[in-house]
Structures are given as C-alpha cells and as structure tokens.
Amino acid sequence: MSQSNIAMIGLGVMGKSLALNLIDHGFDVSGFDVNPVHRDKAIAEAALVSQKDHKGRFIALTSLSDLLASLETPRVIALSVPAGEIVDNVIDDLLNAGLAKQDIVIDTGNSLWTDSERREQQYQGKLRFFSTAVSGGEVGARTGPSLMASGEQSAWQYIKPMWLAIAAKVDSNGLAVGPFESGEACAAYLGPAGAGHYVKMVHNGIEYADMQLICEAYHFMAQALRLSAAEIGQIFGQWNQGVLNSYLMEISAEILQTSDPITNKPLVEVVLDKAGQKGTGLWTAVNALQAGVPAPTIAQAVFARAQSGQKALRLQAEQQLNTPLKQVNFSDVDAILIQLHDALFCAKVTAYAQGFDLLKTTSCTERWALDYANIAKIWRAGCIIRAHFLQDITKAYQNDPELDNLLLAQDFATQIEAKSSGWRSTVANAAMSGVPMPAISSALSYFDSLRSGVLPANLLQAQRDYFGAHGYSRLDDAESNRYHLTWSDNEKRQILQ
Ligand code: 6PG
C-alpha cells in the first residue's frame, strides 16, 4: 500500500471534516484518535467518499508509531486537538514515537498565538513546527475553509498543494465558487508560526463585533420599532443583497425566520439571552489593551456578552431602574430603517478598521510584514466573517499596502461620509428610546475620535501632572521636552523635567 500524504491526529468534528475534505481532493490520509467512537465515525464517512473516482483513501491507525510509518517523508502531521497543553503533549508523544527533524507538525486548532510562537522556538531542530488557523466551522472545514498558515517557511512547499486544494475558492470578483471549481484559494502563508493564529484571533475579534452589531440592529427593530422576528429576518434578507452582504447577515436572516419546533414561536424568542464564549474575542480585546491599540468595538462586543450573562441582575434592574423616556416618533419606519442600515454598515467598517489596526501594530512589533490585502483576500470566502465587502478591503490595501487606517481608504471614506448622518440618527434614536446599542455607538465614538485633531487628553495630562507630577509636553515645544507645573505653589512655575 502506498504511503499517505498527511496524517490527522484528532478526528472530532473539525479534524474529521478536514480529513474528508483532503480525501475529496485526492489526498491519502492516515487518521488517529484516542476515542474509538471518533475513529469509527471517520472510517465510515471516509469510506463513502473514497469509493468515488479520483478520491484519496483513509486509514485509521491505533498507535503513533504505526501512524508515522504510514506516511511519506518528510511526514506531514496535522493536529486537530483542543488548544493548550494537549498540543504540547501530542507533539512530545510524536517525538517519542520517532518523529524526525525534517517532519512537519501542523497545529490546526484555535491556539493562542504566543503559544505557537513559543512552540516554533521550542521544537526548532527537533521538527518543523507549523500552524494553520482554520475558520469556517464544520461545514467550512469539510467543503472549503479559510486557512491562515504560518511557521517554518521550508515546510510550506509540502503543505501548500494540500491547503490550496481544500480551501474555499473565489472567482475574479471575489465571489465564492464550488469546492471543485477553479478559483483563487482562501489559503495563504502569512509568516512565522504565531502569525496565522494571531490573524485568526483578530478574525474572531472582528467576528464578535460583527455579530454584536447585527444583534443590536435586530434588538432596536424589535424593541423600538416593534417589528416581528420574521419581519426583521426579511429586512436582513434584503440588506444581505447589498453592501451589507455577509455570511453572518445571511444566517441571521434565516435564524430570525425560523420557528421553534416545540412552541412554533420564532426560535430567537425561546433562546435564552445569555451569550457564551470560548475566549478568542477576549484574547483580541486583551491584546488590543496591551498593545495600546484602540479597538473599542471589539472590546465592547466582549463586554456585551459579559453583560448578557448577568441575566438575573438585568431582570432586577429592569424593575428598579425604570427611568422615564422621551417618546420618540418612529412613524416613518422606512426612513428609520435606512438610517439603521447605514449605521450598521459604518459600524461594521469601523470594527474591521480596528481589527486591521491591530494586525498592523503587531505585524510591526513582531516584524511579520503581514500582507493586509492577502489577509482580506483569504477572508473573502470560507470563514465566518466572509462578506462581499472584503473584496473592497482587499482593493484598499492593494492600492495602499501601508494604509494607516481602513477608514481613510478613499472608497470607505466616501461611503461613510454619505452614511454617517444615518449612523448618528440611529445612535441618537437608540439613546432616546433606551435601547442599548453599545457596539454601534462605540464605533461612532471611535470614528469621531479618529477624526478629531484635538482630544481632551490635554486636560488629562494636566490632571496627571497635578496629582502625580507625571509631566506634560507642550504644543509649542518639542514633544520630547517634558514639563511639570508646581501646582501647589502660589506662584506657579514650570520646570523642565
Ligand atoms: C471560525 C469561528 C470558530 C468558532 C469560535 C467562536 O472562524 O470558524 O470563529 O473559531 O466559532 O470558536 O467561538 P465563541 O463565540 O464560542 O467564542
């Protein structure tokens, strides 16, 4: 029997789907999972794929040494195991089973990017460590995910043909095509090992923001405009035909038009309003805070999930904090909806701008030289934030690879100028009617801060100097010259620090 092209360790939902996708594209796969249920399921499903023409074959092994023996060299071993210590344990087991230093281990899980950086260092000379962040969930992994690859560059030539084959594809207009049609693959080599997982982390931060923005639009329509879930679903369906076209908008339209099979009510009305999270959005927000990059809309999306979790407190406060609201006239619903549509678009572009600012900052500090146009390209299909406007983001970074902020790209600046009055009216309407809009309004504040040549940090610096002698720079002198005022003296003096 010929040797397999790749091994997949971990045959749970994602690992099995990636393995089936590889077989579908003609690659031979060796599988391993300590759980016999996962193993048997993978064997059964792979058999159905392999029986067709031009498909790869799948074998499942029960020991790591047999798994290694089943592979062509250099061996390529993909891990689809939970992030954290398990990744290190499996790699150590592989080393004990006879992994050679030319062999390639690819972590396809949602690992913390700094762990990937550490692993690349740690395993140098023992194996070629590589990472590939996968977006698209189960269906994406099975039929075409977005693949953010990074790690030892010498390994990429062995992995590239497989990743390009199984990734989602787009046509020349940036529109998704079928898994076996020709097109540009949503897979790319992005840099050293931490880069792929970092880019995926930021993808997830944007995903959190995008989801929250859509949820706020839904909530406003339901609470302030008193539209039914089905009506909102239809409006989202229409919006999905235009500039707001995205996978998340598409599924939101479908979800809102789905009934609960038990009560026949709209499904969303029986789902408990407490958001879960696995942590990648939190990682992005923490990273933004640590790096000093303003990403308030992403952070706000994480906080919004946290506040949703305080259900009992919210129910109590609903009774107690019944502040009187000025009646807002929403008689022209169509006009209000156009404003809301525009607000959603502007806030969404702003959330992406914050995500790309994070990418740019960390690319500089880590010296990754990330290619932002390429990142936007591989997000055009397969991943959860796939959206038609990623084609426009691609163009913006192709026109100016060093763009300081996405909101400054001429195309987006023009669109936001046209839509910003709807954005402002929406935030005002939400505030007046008491419907929370944390992410849409935080995006507006970010936008306004960005376009403010002057911010009140002058007063803030003076406050810091007043109580802590932290010093300030002057507008009329070099920034490097720092001064302190003798605040407690009757006759105040300024001292050069
Ligand atoms: C993807 C998703 C995927 C997953 C996240 C979201 O790109 O395929 O982002 O990684 O859905 O884990 O998780 P939480 O919302 O639970 O944090």
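How are the Cα pair distances of region 200-450 distributed, in percent, across 10 Å bins from 0?
7, 30, 38, 19, 6, 0
Using a basic spin-label model with each label point 7 Å from the Cα along Cα→Cβ, how many nm lie between R118 and Q157?
3.2 nm
Length gain on complete extension for the stretch S331 to S65, per 0.36 nm per residue less the alpha carbon to alpha carbon distance?
Working: separation 266, 0.36 × 266 = 95.76 nm, distance 7.12 nm.
Value of the extension gain: 88.6 nm.
Treat region 234-279 as a sphere of radius equal to its Kirkwood radius over Cα pairs and apply Stokes-Einstein at 10 °C in a medium of 1.306 mPa s; give the translational diffusion coefficient in µm²/s, rounded to a whole number. Kindly include the intermediate steps, with their values, before the conclusion.
Numbers: Rh = 11.9 Å.
Calculated translational D: 133 µm²/s.
Could you give me the radius of gyration and the Dmax of the chain, taking only the C-alpha atoms into account and expressing both in angstrom?
For the chain, the Cα-based Rg and Dmax read 25.7, 92 Å.
Provide, in order from the shortest bin, the percent of all Cα-Cα pairs of region 457-496 in each 5 Å bin, continuing until the bin that contains the maximum pair distance.
Going out from 0 Å in 5 Å bins, region 457-496 shows 6, 25, 32, 27, 8, 2 percent.
Going 7 Å from the Cα of S488 in the Cα-to-Cβ direction, what parts of region 450-474 have a backbone nitrogen less than 12 Å from that spot?
It comes to 467-469, nothing else.
How long are the three semi-axes of the equivalent ellipsoid of region 6-193, in whole Å, if each is the root of 5 times an eigenvalue of the C-alpha gyration tensor, listed from largest down? All intermediate terms of the calculation are to be shown ahead of the outcome.
Numbers: eigenvalues 114, 85, 40 Å².
After diagonalising the Cα gyration tensor, the semi-axes are 24, 21, 14 Å.
Quick check on region 242-361: take the gyration tensor over C-alpha atoms, sort the square-rooted eigenvalues as a ≥ b ≥ c, and tell me if it's rounded (a/c under 1.5), prolate or oblate. List each step's numbers first, then the result.
Working: a/c = 1.44, a/b = 1.28, b/c = 1.12.
Rounded, since a/c falls under 1.5.
For the chain, with every protein chain kept in place, what is the accessible area per residue (1.4 Å probe, Å²)?
Numbers: 23440 Å² over 497 residues.
It amounts to 47 Å² per residue over the chain.
Of E318, E231, which has the most accessible area and how do the rest follow, probe 1.4 Å? Can you show the working numbers first?
Working: E318 120, E231 85 Å².
Ranked list, largest accessible area first: E318, E231.
Among the chymotrypsin sites (Phe, Trp or Tyr not before Pro) within region 280-350, which fall in a DSSP loop and have no more than 16 other Cβ atoms within 10 Å of their own Cβ?
Values: sites: W283, F303, F330, F345; in loops: F330.
Filter output for region 280-350: F330.
Roughly how large, in nm² to one decimal, is the mean projection of the convex hull of the alpha-carbon atoms in region 226-309?
Details: hull surface 28.8 nm².
So the mean shadow area of the Cα hull is 7.2 nm².
May I ask you to derive the relative contact order of region 6-193, considering only C-alpha pairs under 8 Å and at least 6 residues apart, and to give it as an integer percent? List each step's numbers first, then the result.
Numbers: 386 pairs, mean separation 34.4, N = 188.
Relative contact order for region 6-193 comes out at 18 percent.
Ranked from highest to lowest mean number of other Cβ atoms within 10 Å per residue, what is the order of the peptides 289-301, 460-472? If you can, show how the numbers build up before the last one.
Working: 289-301: 20.4, 460-472: 13.6.
The densest-packed peptide leads the list: 289-301, 460-472.
Please compute the modelled spin-label separation between K41 and R451, points set 7 Å along Cα→Cβ, answer in nm with one decimal.
In this crude spin-label approximation the distance works out to 5.0 nm.
Just check region 76-123 against the gyration tensor rule for me: Cα atoms, a ≥ b ≥ c as the square roots of the eigenvalues, rounded for a/c under 1.5, and otherwise prolate or oblate depending on whether a/b exceeds b/c.
Details: a/c = 1.70, a/b = 1.45, b/c = 1.18.
In terms of gyration-tensor shape, prolate.
What are the extents of the Cα atoms of region 338-419 along their three principal axes, listed from largest to smallest and rounded to whole Å?
Sorted largest first, the three principal extents are 42, 27, 19 Å.
Taking a point 7 angstrom from the Cα of Q410 along the C-beta vector, which residues in region 437-468 have backbone N less than 17 Å away?
Zone members listed by number: none at all.
What whole number of Å gives the distance from the Cα centroid of region 285-352 to the Cα centroid of region 438-483?
About 25 Å separates the Cα centre of region 438-483 from the one of region 285-352.
For I214, what accessible area in Å² do you get when you roll a 1.4 Å probe over the heavy atoms of the protein chains, rounding to the nearest 10?
Result for I214: roughly 10 Å² accessible.
I'd like the carbon and sulfur percentage of the solvent accessible area for the chain, probe radius 1.4 Å, heavy atoms only, ligands and nucleic acids excluded.
Heavy-atom surface of the chain belonging to carbon and sulfur, 1.4 Å probe: 53 percent.
Once the Cβ-Cβ distance between K311 and I255 is put in as r, and R0 is 25 Å, what FRET efficiency do you end up with, to the nearest 0.05?
Numbers: r = 20 Å, r/R0 = 0.81.
The calculated FRET efficiency here is 0.80.
Convert 10 °C to kelvin, take the viscosity as 1.306 mPa s, use the Kirkwood radius over C-alpha pairs of region 177-274 as Rh, and evaluate the Stokes-Einstein diffusion coefficient in µm²/s, rounded to a whole number.
On the way: Rh = 15.9 Å.
Stokes-Einstein gives a translational diffusion coefficient of 100 µm²/s.
The values are calculated or read from the model by the stated rules, or taken from the named source; none is laboratory data. These numbers were taken from a predicted model, which means no experiment stands behind them. Ideal geometry is used to build each Cβ from the backbone, glycine not excepted, and the neighbour counts take in all protein chains shown. Only protein heavy atoms, including side chains, enter the accessible area calculation; ligands, DNA and RNA are left aside. Shrake-Rupley method; radii C 1.70, N 1.55, O 1.52, S 1.80 Å.
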